[in-house]
Amino acid sequence: MKRLTLLLIIVLLVVNITKAQQKPSDAERLAWWHEARFGMFIHWGIYAMYGGVYNGHQQERGDAAWILNRCKIPVSEYRETAKYFNPVNYNPDVWVKMAKDAGMKYLIITAKHHDGFALFDTKASDWNVVNATIYGKDLLKPLAKACKKYGIKLGFYYSQAVDWTNPGGSAARRLMKEGWPNPDSTKIDNYTKEHDGHWDPVQETATFDQYIDRVAVPQVKELLSNYGEVSIFWWDYATQMKSYDDAAKLKKLLSLQPNIITNDRLHPDFPGDTKSPEQAVPDQNTVEGQNWETCMTMNNSWGYKKLNNNSKSTETLIRTLIKIASRGGNYLLNVGPKPDGAFPEDCVQRLKEIGRWMDINGESIYGTQASPLGLLTWGQCTKKEVKNNTILYLSVFDWPKDGKLIIQSLKNKVISATLLATGVKLKTTRIADSISIRLPSTAPDAIASVIKLEVSGTVTKMATASTKGQMQSGAID
């Protein structure tokens, strides 16, 4: 008996040691993510059917994905609208191919946004695409298949705290004036103030703990179990997460995908792997030593807007990507599909144009590190360390009229300088501690022309005058 007990103890120890050895380190899990630098965010749900318009009024403020809350639509009415959700033009192969052609390496979709609507077949709630719509099919299964086909990493966004339809979810109160000019606005605002942001009595027919146990926990388990490899789990709204214990239950489920990467939006006490600044690029003095990813829209809304006329230019999008990479971060760029499943035409056009730039200049983004140079007046810089040398990718926004690009305080010996777009070698001249690069009279690219400058040794990071600051991270809407 003693021998049997001892044998069992030894077996358990071996199993535990093996498991510990198999568990990837943080660096191993995040290696592909740092290499990728660029991903696609997709916000899609019933809110796309409204397109930012309710009762003939354009939503007054904010993201169109918030129309249920901001316009205080009765839950029963929103559910009725969902019955007619029929995305006949949904083609996940087209979506994923567009992401790949744009140079994106991963894709994250809103499996469940704040309206509580699940884009997947779930047993935890009937408020899902299979049971509540005429379409009646899981939207995520074919998307997962397409991602695998095209070599794109798949991630799921999940609103674990805020849920405006499944009873018990947090509401995140917004004033009626942010929606439409409802004649009962004062009455509604008073009601939401007294009811923790809720505007419909059905929302309070369960507690937050019950919502977590009945909906969030089983749905997260389904997402991590039924769709193959999930590379990223993107929580949302840590400040609305009312319970540490409930957050711990959700965090525990991540063991179902040992290699998964998570952000910092589960709960204030769970930092996750990456910080998630929203609609902004962090200041240089806040990013050192951080894993971070800026999520940003192509216009002024995460969800589809019918009356959108605020599309960012391709120049802005590409230069933002370069700026983020120059500070060592990732860029998660959003598309809000139309209710029929097609991407808006302006988004398609911009993705194509970004892809053309990335085809030529992608090596200045993928696998790069933050710039070691100080403030640059002409553009941005990324770097790679190769063997005993350093490659500096100089993305020039403002092409020098005198044909000379000056790199201040760079003491390293120059090995070579070439234009990525043409492969043409450029002449360099040392001037004291600086390098002057002789450029052609015309920039190869109107948005950003990249010079590949290889120097010997390691480039010492230049000191900045500002003190280290705090990075803004988390939801801002």
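No value in this document is a laboratory result; all are computed from the given coordinates. Note that the structure is a prediction, hence the values are computed from the model and not measured. As a convention, Cβ positions derive from the backbone with ideal geometry for all residues, glycine included, and neighbour counts pool all protein chains shown.
Data table
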| read-out | value |
| --- | --- |
| Long-range lysine pairs (8 or more apart or interchain), region 379-456, Cα under 12 Å | 4 |
| Under 26 Å, Cα to Cα: Lys pairs in region 121-219, sequence gap 8 or more or different chains | 14 |
| Computed [θ] at 222 nm, deg cm²/dmol, the chain (DSSP H ≥ 4; -39,500 (n - 2.57); rounded to nearest 500) | -8000 deg cm²/dmol |
| Counted charge near Gly151, where neighbours are those whose Cβ lies closer than 15 Å (Asp, Glu -1; Lys, Arg +1) | +3 |
| Sites matching chymotrypsin sites (Phe, Trp or Tyr not before Pro) across region 287-362 that sit in DSSP coil, with at most 14 neighbouring C-beta atoms within 10 Å | none |
| Compactness relative to 2.2 N^0.38 Å, alpha carbon Rg of region 64-200 | 1.21 |
| Interchain or long-range residues, amide H under 5 Å from Tyr158's placed H | Trp234, Trp235, Asp236 |
| Alpha-carbon centroids, region 410-449 and region 105-149: separation in whole Å | 48 Å |
| Charge tally in the Cβ shell below 11 Å around Pro87, where Lys, Arg are +1 and Asp, Glu are -1, Pro87 excluded | +1 |
| Neighbour-count ranking [beta-carbon atoms within 10 angstrom, fewest first] of Thr186, Thr316, Thr274 | Thr186, Thr316, Thr274 |
| Bins of 20 Å from zero: percent of alpha-carbon pairs in region 28-364 | 32, 61, 7 |
| Fraction of beta bridges assigned by DSSP in the chain that are antiparallel (%, nearest 5) | 55 percent |
| Along each principal axis, Cα extent of region 379-456, largest first, Å | 33, 25, 20 |
| Net charge contributed by nearby residues that have their C-beta within less than 9 Å of Trp164 (K/R +1, D/E -1) | -3 |
| Antiparallel DSSP beta bridges within region 267-399, as percent of all bridges there, nearest 5 | 60 percent |
| Label-to-label distance, nm, for residues given as Asp269 and Lys137 (7 Å Cα→Cβ offset) | 4.5 nm |
